[in-house]
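A.B. asks: Quick one: the structure is below, and I'll ask about it shortly.
The values are calculated or read from the model by the stated rules, or taken from the named source; none is laboratory data. If you're wondering where the values come from, they're calculated on a predicted model, not measured in any experiment. A quick note on method: Cβ atoms are made from the backbone with ideal geometry, for glycine too, and the neighbour counts reach across all protein chains shown.
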Amino acid sequence: MKDSLKPGIVYEHMYTVPLDKTVPSLYPDAPEFQEMPEVFATGFMVGFLEWSCIKAIEEHLDWPDEMTVGTHIDVSHEAATPPGMTVTGSVKLTEVDGKRLMFEVEAHDGIDTISRGRHERFIINRDTFSARVKQKSEGASG
């Protein structure tokens with residue numbers, strides 16, 4: 001990580017919600033999800049917030065050898081957003097504790113605040129992490 005990775009980094013990320021990021025698309029094989037309204041799915045919203053945090057700090061890491069993975073998220077989903085609307089994710093890095101990073105996150109769809117909360121990420125070495133995942137996969141299949 002670079003010396004510039006410090007609390008106080010802020011970032012805004014915009015995304016127009018497509019139809020394939022609505023609730024029925026989250027689990028196409030789940031009949032219950034197919035009956036749900038076509039609004040921005042909570043699962044995709046969480047991914048969007050993670051993406052916003054990644055973009056906020058990417059230039060402060062030795063990317064792509066060094067990256068982050070999400071380890072905890074505590075967010076609300078306060079309002080429905082139909083496809084076609086643009087969501088803005090606003091994130092702020094509030095804490096750097098070694099490789100542990102904490103963010104305040106919020107998302108707005110131009111009409112309502114749709115989410116707010118906190119997100120934790122850890123800095124990883126991509127090659128080391130991938131090797132561990134491969135080892136785990138081989139152990140599970142053997």
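A.B. asks: Given ILE73, ILE111, which one is in contact with a strand residue (DSSP E or B) (Cβ under 9 Å, 6 or more places away or on another chain) and at pLDDT 95 or above? Full working, then the answer.
C.D. replies: Working: ILE111 fails: in contact with a strand residue (DSSP E or B) (Cβ under 9 Å, 6 or more places away or on another chain).
Exactly one residue qualifies, and that residue is ILE73.
A.B. asks: Something else now. Could you count how many residues in region 1-26 are surrounded by 15 or more Cβ atoms within 10 Å (Cβ to Cβ) and among the hydroxyl-bearing types (Ser, Thr, Tyr)?
C.D. replies: Matching residues across region 1-26 total 4.
A.B. asks: Still on this structure, I have one more. Looking at GLU50, is it among the charged types (D, E, K, R), part of a helix (DSSP H, G or I), crowded, with 18+ Cβ neighbours inside 10 Å and under 18 Å from the mean Cα position of the chain (by Cα)?
C.D. replies: On the way: among the charged types (D, E, K, R): yes; part of a helix (DSSP H, G or I): yes; crowded, with 18+ Cβ neighbours inside 10 Å: yes; under 18 Å from the mean Cα position of the chain (by Cα): yes.
Yes; evaluated as a whole, the condition is true for this residue.
A.B. asks: Which residue is nearest to HIS108 (Cα to Cα), if the candidates are limited to region 1-39 and must be among the charged types (D, E, K, R) and assigned to a loop (DSSP other than H, G, I, E, B)? Reasoning before the result, please.
C.D. replies: Residues of region 1-39 among the charged types (D, E, K, R): 2-3, 6, 12, 20-21, 29, 32, 35, 38.
Next cut, assigned to a loop (DSSP other than H, G, I, E, B) only: 2-3, 6, 29, 35, 38.
On the way: LYS2: 30, ASP3: 31, LYS6: 25, ASP29: 29, GLU35: 25, GLU38: 18 Å.
Per the stated criteria, the residue is GLU38.
A.B. asks: Can you tell me which of VAL87, VAL69, VAL91 is β-branched (Val, Ile, Thr) and touching a Leu at 6+ places or on another chain (Cβ under 9 Å)?
C.D. replies: Going through VAL87, VAL69, VAL91 in turn, the sole match is VAL91.
A.B. asks: Only residues that are exposed (fewer than 13 other Cβ atoms within 10 Å of the Cβ) and either without any contact (Cβ under 8 Å) to a residue 40 or more places away in the chain or closer than 20 Å to THR94 by Cα (or both): list them for region 27-46, please.
C.D. replies: Within region 27-46, the first condition is being exposed (fewer than 13 other Cβ atoms within 10 Å of the Cβ), and the residues that meet it are 28-32, 34-35, 37.
Within region 27-46, PRO28, ASP29, ALA30, PRO31, GLU32, GLN34, GLU35 meet the criteria.
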